[in-house]
Amino acid sequence: MRVLPLRPAHVATAAATVPTAAALLAAVALLLPAPLAAQSGTTTAASSPAAVTTSVGKDPKRVLTLADYGPWSRITSTALSPDGRWLTYTYDPNDGDATLHVRRLSDTLTYRVPVGSGAQFSDDSRFVAYFVEPGEKEAAKLRKARKPVPRAAMLLDLATGERDSIPNAASVTFAAGGRWIAVKRARTDTASTARGADVILRDLSAGSATSLHIGAVGDLAFNAPAENTPSTLFAYTVDAANDAGNGVYLIELSSGRTTPLKTGAETFDGLAWNDAGSALAVLHGSAPEGQEHRANALLVVKGLDKGEPSRVEAVASDVPAGLVLSENASPRFTGNGEQVIVGLRAQQASEKKADEPVADVDVWHWKDPEIQSVQKVRASRDRRYTYAAVVDVADGDLRRLANDTLRSVTFTQPGDYAVARDELPYELTVQWGGGTADYYAVRTATGERSLIVRGVSRQMGTSPDGRWFLYLKDRQVIAHDLRSGNKVNLTEVAGVDFVDVEDDHPYELPVYGVEGWTADGRSVLLNHQFDVWQVPLAAGGKAVNLTRGIGDSAQIRFSLVRTDRPAGRRGGGDSEGDRGIDMRSPITFAAYGEWTKESGYWMREPNGRLRPIIYEDAMIGSLAKAEHDDRVVFTRQTFEEFPDVWTAPRIESMETGVRVTDANPQIDAFAWGTRVLVDYTNSKGERLQGTLALPANYEPGKQYPMLVYFYEKVSNRHHQFSMPV
């Protein structure tokens, strides 16, 4: 079956995720000399260079030189407002300062901000906040003079166009719902060990006149009671010089009332809210005399949403002997809110300052699991390592889950189970690729452990509901039920080999990919070489080829696109906040033609119908959707066409999208090359493909110097624009 591309002349295209290529299918990139200058150009599919027709000697455009490189800009920091009406993006040139743009998509109204960065929208899309600082040359002068580089936070009211500036800003945080904003200013007393700095808390519905100034703030956080529900509470810690006024405080946003939850002459940090916005956790403590590390306690305050707070605390006596609760691991609530995840580390005596120089000697033993050079590289990480533990929110009981054998513990999204990894039996084994380990299921409520599998080098995460753990063993994809201990062989259920046979590395080959889990918790989506399969987790179920075999028959690589998550991230394992894929709604696939280099997006309807939305002889990508609207943005590029940003009212209308940006209009002044595809067969009889770059004004039959590059697969970049750098 041959899927014909859609090529209306007015099209603004969409995007395909280019799959990882295998070293076995080596491709050839042939780069020609000066007129091309290693730049970009459009792509024309052809079987050989002789098929290309050009206008010989008639192109009045000039050749790009090194002196022309400076103004060429990349587009960075692209983001849609939640309501889909505004777009932020930055032009970042090779030479000079970046310019932030805030554009209204219904017309051409654009706010241009020289040296602007870090733009973020309020939840209600009424405001956008960003930073402004001196240009590159001025900043360099200030640094040379050992002076601070000032940075101001700017607040732009998108309804009125009014702007407000808060100087000397370090961070900006919007509350859920968009009504409140907290701007933390840069520290002025850099000599002090205290982390505190001034914070401006502002009610945006009342204008700049309604602002609260709070001094010496360490950490801060708004609560988020539920999805699409405004913040009601603001918590912060005070970390002042000489510990004056240190503590954790709570502001009720509706009344402005401030309540100290705990104060004392110690350090408070690691502030965290639970998902419901009703409970708060914070570490507090100080280092005992003669000891190196703080002996922290964990304070959990519950019932804050009802105005009836109750406190639970895990204190030093609850911590195993020789260990302390460490600030190196910020506390966080499990998804179900029943525990707080913390980190433990060994306490040690403070180092005494020696009058004599300290010897700098590295001693390595042949039985060490890691060679000395690796130990040096990992020394900083190892110094900050903590053993995972949980504290029960109900009663403050603390349970250590990690130890010297099971050092790595990964929590499922709900948090009722965790997966622990034991690498010790395999540390002295020479391994290529991912390290081999034994895996255990850990019930966080009791600390009880049970073996999942031994000797696995490929694990693929857990399901959003926290029930299933996925791994590869002997080329079989296995789903392990963390609750019951039952296993399902998904390779047998589907009757499909999901292992990436194109990968030629000398280790156990990985699978093509895990696209995600269904919202009902009944199946997982796995990649084959070209198609995407939905494989049931229950015995007796039947696997479904979601892309209907079109991928295999037409040699199109399909991959799932998640527009319900930030930046349209693909796939999913145990990503925080992932609710799974709703198979009752249309789902979107990125598509890439293995041999044609066409790309675009296809949509699968709930009834199983699969159709192309846009599929062209170009590289179309970076699809993202507004959080509360159907508006999408994407990029389109070829060897000759820069990847500007395009937009459409919805995914289904991408074919008639419009271009929003024009980052490099100067491209029209230069002579550009072209690329053609070259199909060939190697000495083993394998079909391969190269991409041949031809200079501007190429003359068929004329001999040219040629550069040949081959390593792994690069023909999948046939349509990639090459920035002048």
Point to revise | Identity of the residue in the stretch 390-402, assigned to a loop (DSSP other than H, G, I, E, B) and open to solvent by 20 Å² or more (accessible area, probe 1.4 Å), that ends up nearest to G303 (Cα to Cα) | key: A394
Review point. Do we find a residue being out of contact with any Lys or Arg (no Cβ under 8 Å at 6 or more places or on another chain), touching a residue at least 12 places away in the same chain (Cβ under 8 Å) and in a strand (DSSP E or B) anywhere in the stretch 502-510?
Key: no
Practice item. Specify the residue that is nearest to the chain's Cα centre (by Cα); the eligible residues are those in the stretch 481-497 that are of a type in the set (V, I, T) and in a helix (DSSP H, G or I). Key: T491
Revision key, fill the gap. S77 vs (1) in contact (Cβ under 8 Å) with a residue 12 or more places away in the chain; (2) in contact with a Pro (Cβ under 9 Å, 6 or more places away or on another chain): all pass except (2)
Point to revise | Condition met for I614 (crowded, with 24+ Cβ neighbours inside 10 Å and either closer than 24 Å to D564 by Cα or in contact with a strand residue (DSSP E or B) (Cβ under 9 Å, 6 or more places away or on another chain) (or both)) | key: yes
Study note, to complete from the structure: The correct count of residues that are touching a residue at least 24 places away in the same chain (Cβ under 8 Å) and in a strand (DSSP E or B) in the stretch 583-615 is 18
Practice item. Output the qualifying pairs, or none if there are none: Cβ atoms under 6 angstrom, residues six or more apart or on different chains, first residue in the stretch 288-306 and part of a strand (DSSP E or B), second residue among the hydroxyl-bearing types (S, T, Y). Key: K302/S310
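Considering only residues that are assigned to a loop (DSSP other than H, G, I, E, B), in contact with a helix residue (DSSP H, G or I) (Cβ under 6 Å, 6 or more places away or on another chain) and open to solvent by less than 10 Å² (accessible area, probe 1.4 Å), which ones fall in the stretch 511-561?
Quick first cut of the stretch 511-561, residues assigned to a loop (DSSP other than H, G, I, E, B) only: 512-513, 519-522, 528-531, 537-543, 546-549, 555.
Going one step further and asking which of them are in contact with a helix residue (DSSP H, G or I) (Cβ under 6 Å, 6 or more places away or on another chain), we end up with 530-531, 543.
Scanning the stretch 511-561 gives F530, D531.
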Review point. Can you name the residue in the stretch 440-480 that is in contact with a strand residue (DSSP E or B) (Cβ under 9 Å, 6 or more places away or on another chain) and of a type in the set (D, E) and is also surrounded by the most Cβ atoms within 10 Å (Cβ to Cβ) among such residues?
Key: D465
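For the stretch 403-465, give me every one of the strands (runs of 3 or more DSSP E) that falls completely inside it and has 2 or more residues that are of a type in the set (S, T, Y). Give the steps one after another, and end with the answer.
Numbers: elements: 408-411, 417-422, 437-443, 449-456, 458-462.
By residue number, 408-411, 437-443.
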Practice item. Would you be able to say whether some residue in the stretch 625-634 is touching a helix residue (DSSP H, G or I) at 6+ places or on another chain (Cβ under 9 Å) and part of a loop (DSSP other than H, G, I, E, B)? Key: yes
Check your understanding: Restricting attention to the stretch 672-721, which residues are closer than 28 Å to R74 by Cα, of a type in the set (A, V, I, L, M) and surrounded by 16 or more Cβ atoms within 10 Å (Cβ to Cβ)?
Key -> V676, L677, L692, A693, L694, A696, V714
Review point. Cβ-Cβ below 7 Å, separation at least six or inter-chain, first residue in the stretch 699-712 and of a type in the set (D, E, K, R), second open to solvent by 80 Å² or more (accessible area, probe 1.4 Å) and at pLDDT below 95: which pairs?
Key: none
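Among the residues in the stretch 66-87, are any aromatic (F, W, Y) and part of a strand (DSSP E or B)?
Pass one, the stretch 66-87, residues aromatic (F, W, Y): 69, 72, 86.
Narrowing the set further to residues that are part of a strand (DSSP E or B) leaves 86.
Scanning the stretch 66-87, I find at least one residue that is aromatic (F, W, Y) and part of a strand (DSSP E or B), so the answer is yes.
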Review point. If the Cβ limit is 9 Å and pairs must be 6+ apart or interchain, which residue in the stretch 156-168 that is aliphatic (A, V, I, L, M) pairs with which residue that is open to solvent by 50 Å² or more (accessible area, probe 1.4 Å) and assigned to a loop (DSSP other than H, G, I, E, B)?
Key: L156/E162; L158/R85; L158/R126; A159/R126
Point to revise | Selection from the stretch 654-668 of residues that are closer than 19 Å to D92 by Cβ, open to solvent by 30 Å² or more (accessible area, probe 1.4 Å) and touching a residue at least 40 places away in the same chain (Cβ under 8 Å) | key: R659, Q666
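Pick from L66, L100: which is within 24 Å of the chain's Cα centre (by Cα) and at pLDDT 50 or above?
L100
Can you spot a residue in the stretch 639-653 that is β-branched (V, I, T), open to solvent by 20 Å² or more (accessible area, probe 1.4 Å) and touching a residue at least 24 places away in the same chain (Cβ under 8 Å)?
Quick first cut of the stretch 639-653, residues β-branched (V, I, T) only: 645, 647, 651.
Within this subset, residues satisfying the condition of being open to solvent by 20 Å² or more (accessible area, probe 1.4 Å) are none.
No, the stretch 639-653 contains no residue that is β-branched (V, I, T), open to solvent by 20 Å² or more (accessible area, probe 1.4 Å) and touching a residue at least 24 places away in the same chain (Cβ under 8 Å).
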Point to revise | From K306, K302, residue being of a type in the set (K, R) and out of contact with any Ser or Thr (no Cβ under 6 Å at 6 or more places or on another chain) | key: K306
Study note, to complete from the structure: Reported set for the stretch 415-430 where residues are at pLDDT below 95 and under 28 Å from the mean Cα position of the chain (by Cα) is E423
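The values are calculated or read from the model by the stated rules, or taken from the named source; none is laboratory data. All figures in this text were calculated on a predicted structure; none of them were measured in a lab. Here Cβ is always computed from backbone atoms with ideal geometry, including for glycine, and neighbour counts include all displayed protein chains. Quick note on the areas: whole protein, heavy atoms, side chains included, nothing else; ligands and nucleic acids left out. Shrake-Rupley method; radii C 1.70, N 1.55, O 1.52, S 1.80 Å.
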